[in-house]
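Take a look at the structure below.
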RNA sequence: CGGGCCGUGGCGCAGCCUGGUUAGCGCGUCCGUCUGGGGGACGGAAGGUCGCGAGUUCGAAUCUCGCCGGCCCGACCA
């Protein structure tokens, strides 16, 4: 993308409305614009990041064998009355009435809908196990939205639902989700720690929240410092291998890690040596639940087992806050100049900065680099504007592209451009072809020049 | 929903207390010139129903009341 043809309304100053760093940076980098309290438009740069996060979630869900679908944002109140949650959910639920006077609601979650789909079409144990998920906008009418997309009213979320014949099968589904979530967050450059959590209005007590440590986190967390050394990494795992999934769960959840909801000081002190006790804050970016037959029983989601008896299915649900992750990643990865995108979610793979727009050689070198990046199947944001060098660098730093290729007449005289890492700030001069080679390497692409 | 604060060109703010010419400043935007490796300089220009509505007054950005919107703390929450 050529910056001269793009839409990137960056702000030099901090908008007064934003208090925390991710909100400020998202506004300044031209990623979002507030449309109403807790409701945001995603401008082109923000939209790219949102789509990248979504893509990773999709890929990892499907890798784990989960099946994508899409349910609506507006739902009929009838199903919610059936489950008993129409009243339980309270003011958080946005209720609307259609022209016929029917009660509708903008879904805060989808257990009722999915259960209804399930009971309509699944009747036999032979159809199990089944895990369906979707990524859709949700709405919870928070009393006090804040922190930008981290706690909006409208939010984009992946929610998945597993249906199993037995508790043991459902526990495996739970474990499988835990593993796939670990992979998912790591691909986004995040360390998200599974912590024992409260069930909340979703229900169930077999549940973990995934938290990213950050000073601005909304939850207080207590954990054994050993836990931050754990990495899932690139290990292969067979998602159908129940013992293997169970082993990962044990590896990642055996140490003390709880939010302040479930924190128990006595247990903490007993189980964790003082030197390893940590108290911090965290941002919740996902949660997994096993809730047994809580919905299947009242809503009649049953299957015939081998003996022909109708039995309620065991269910679980699992969420990842896709829009919230955009903010969470920034909270976890920024400096005083701006955002630092992990390679997995960056809106552009690299930036190309032309220091002297209009200089024949600089223009030509930039065009060639731009074409080379595209030939790798990657996307560069080419700053071909008439801005001065300082302004271009400031913009690049602000929007946080992990790599920058700087091209100017001075370097070109010696046949080199400059490759700079946003994260370390380190710059290295090299011929253009070598810079492309490095970009290819970083993103696991074969350079073909 | 309780408590506090704020709405003035796109953004950040001053002016309000103590009403009175054409409502200022910085940034950004547009045009021009000089520039050109970390938000450059100079010259010119555009852009504002002072959140909305009532009221007080000869006169309201300024005072009063109501409403709307937003921010912060708390309770609540992915």
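Where a number appears in this text, it was derived from the coordinates with a stated rule and is not lab data. Note that the coordinates shown come from a computational prediction; the quantities given were computed from them, not determined experimentally. Cβ sites come from the backbone with ideal geometry, for glycine too, and all protein chains shown count toward neighbours.
For the reader, a short list of remarks on this structure follows.
- 0 to 90° range, to nearest 10: angle between helix A:322-332 axis and chain A longest Cα axis: 50
- Between residue A:82 and residue A:11, the FRET efficiency estimated from the beta carbon spacing at R0 = 35 angstrom works out to 0.15.
- Of the peptides A:18-25, A:255-262, A:99-106, the order by per-residue mean of other Cβ atoms within 10 Å, starting with the highest, comes out as A:18-25, A:255-262, A:99-106.
- Put simply, when A:191-197, A:415-421 are sorted by average Cβ atoms within 10 angstrom per residue, most first, you get A:191-197, A:415-421.
- What separates the Cα centres of region A:139-153 and region A:322-394 is a distance of 30 Å.
- Cβ-to-Cβ counts within 10 Å put A:163, A:222 in ascending order as A:222, A:163, the fewest first.
- Take every Cα pair under 8 Å whose residues are at least 6 apart in sequence, average their separation, divide by the length of chain A, and the relative contact order is 16 percent.
- Stretch gain in nm, segment residue A:4-residue A:236, where the contour uses 0.36 nm per residue and the Cα spacing is subtracted: 79.2 nm
- Region A:407-436 and region A:98-127: distance between their alpha carbon centers, rounded to Å: 56
- Gaussian network model of chain A, Cα within-10 Å springs - most flexible of A:298, A:312, A:44: A:298
- Additional length obtainable on full extension of the chain from residue A:73 to residue A:117, 0.36 nm per residue less Cα span: 14.3 nm
- Chain lengthening between residue A:100 and residue A:36 when straightened (0.36 nm per residue, less Cα-Cα): 20.3 nm
- Inter-label distance for residue A:360 and residue A:389, nm, one decimal - labels placed 7 Å from Cα along Cα-to-Cβ: 2.2
- DSSP beta bridge pairing in chain A, given as percent antiparallel to the nearest 5: 85
- Neighbour counting of Cβ atoms within 10 Å sorts the residues A:430, A:150, A:299, fewest neighbours leading, into A:430, A:299, A:150.
- The simple Förster model, with R0 at 45 Å and r as the Cβ-Cβ distance, assigns residue A:442 and residue A:167 a FRET efficiency of 0.50.
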